[in-house]
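J.: Here you go, one structure.
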Amino acid sequence: MLESRRRKRCQVCNELFKPFNTLQVVCGFPKQCSEKFAKMPDQVKAQRVKMEQDTAKENRAIRKKFRQNDRSWHLQKTQAEFNKWIRLRDRRMGCVSCGKKNVPQFHAGHYLSVGSHPELRFSKLNCHGQCSTCNSFKSGSIVTYRIELIERIGIELVEWLEGPHKITRYTIDDLKVMRKQYRDMNKKMEIEIC
């Protein structure tokens, strides 16, 4: 747990350290900064904490500005909304590979993987609800996936999926529009469920 924590600047000596919890603001041992920090007036402590908060706010603004031009970040967020829509769409059908219903963890499993067929990443025909066991531990159970896929969409569309496709390169604007569409559809479906 300690390994995953981000490093912070000590409020006394200004050196980097790994905090034991999120509230720790001084490094303590071996410099005994915690004792010095305890003896500081409250105004100085508040001032230093405010400076740290301002720095964090600036860092968030920089990350946000960077993300605006980061195509991979937009692709990841759009994929998350698309996957959520697939899970909501197929929630009553059960796993496309094994047929189990009411599984604890439901994924959006691609018939043809995103790595080998990136042009089918957002294809509604290529992605269906799948239990985590089939999707993660059985490599998608492709044989049973294909059999059920033929039942759901028909052999013609399955053969179309397996055929060659033109490579699609999504722009950031395309991804923003798609993400908004899927987010809106997700909200509608969630309202219908309740």
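Any read-out appearing in this document is the output of simple, stated calculations on the displayed coordinates, not a laboratory observation. Note that the structure is predicted; figures quoted are calculated from it, not measured. Positions of Cβ are backbone-derived with ideal geometry, glycine not excepted, and every protein chain shown enters the neighbour counts.
J.: Add +1 for every Lys or Arg and -1 for every Asp or Glu among the other residues with Cβ under 10 Å from the Cβ of V25, and state the total. Kindly include the intermediate steps, with their values, before the conclusion.
T.: On the way: positive: K8, R9, K45, R48; negative: E52.
That sum, taken over residues with Cβ under 10 Å, equals +3.
J.: Now for a separate question. Counting other beta carbons within 10 Å of each Cβ, put V26, V49, V103, V96 in order, fewest first. Each step should come with its number before you reach the end.
T.: Values: V26 23, V49 12, V103 16, V96 26.
Lowest to highest Cβ neighbour count: V49, V103, V26, V96.
J.: Most mobile of L125, L157, L23 per a Gaussian network model of the chain (Cα springs, under 10 Å)?
T.: Judging by the Gaussian network model, the answer is L23.
J.: For Cα pairs less than 8 Å apart in space and 6+ apart in sequence, what is the mean separation divided by the residue count of the chain, i.e. the relative contact order in percent?
T.: Details: 194 pairs, mean separation 34.8, N = 194.
In percent, rounded to a whole number, it is 18.
J.: Now for a different question. Which residue, chosen from N14, V103, S116, occupies the Cα position most advanced towards the positive end of the dipole of the chain, where the dipole is computed from +1 (Lys, Arg) and -1 (Asp, Glu) charges on Cβ about the Cα centre?
T.: N14
J.: Moving on. With the chain treated as a Gaussian network of Cα nodes joined by springs under 10 Å, which of K138, K39, K77 yields the largest mean-square fluctuation?
T.: K39
J.: Same structure again: So what are the ³J(HN,Hα) numbers for segment 50-57, from phi and the Karplus equation (6.51, -1.76, 1.60; θ = phi - 60°), rounded to whole Hz, Gly and Pro as x?
T.: So the Karplus estimates, Gly and Pro as x, are 4, 4, 5, 5, 5, 4, 4, 5 Hz.
J.: Determine the calculated [θ] at 222 nm for the chain from helices alone, applying -39500 (n - 2.57) to every DSSP H run no shorter than 4 residues and normalising by the residue count; nearest 500 deg cm²/dmol. List each step's numbers first, then the result.
T.: On the way: 6 runs with 95 residues, N = 194.
After summing the helix terms and dividing by residue count, I get -16000 deg cm²/dmol.
J.: Pick from I155, I172, I86: which is most flexible by mean-square fluctuation in a GNM of the chain where alpha carbon atoms under 10 Å apart are linked?
T.: Evaluated over the chain, the most mobile residue of the options is I155.
J.: Looking at (i) 1.51; (ii) 1.10; (iii) 0.97, which value of Cα Rg over 2.2 N^0.38 Å comes from a calculation on the structure shown?
T.: (i)
J.: Using a cut-off of 23 Å between alpha-carbon atoms, which lysines can reach K124, once sequence neighbours fewer than 8 places away in the same chain are excluded?
T.: In chain and number order, the partners are K77, K84, K100, K101, K138, K166, K176, K180, K187, K188.
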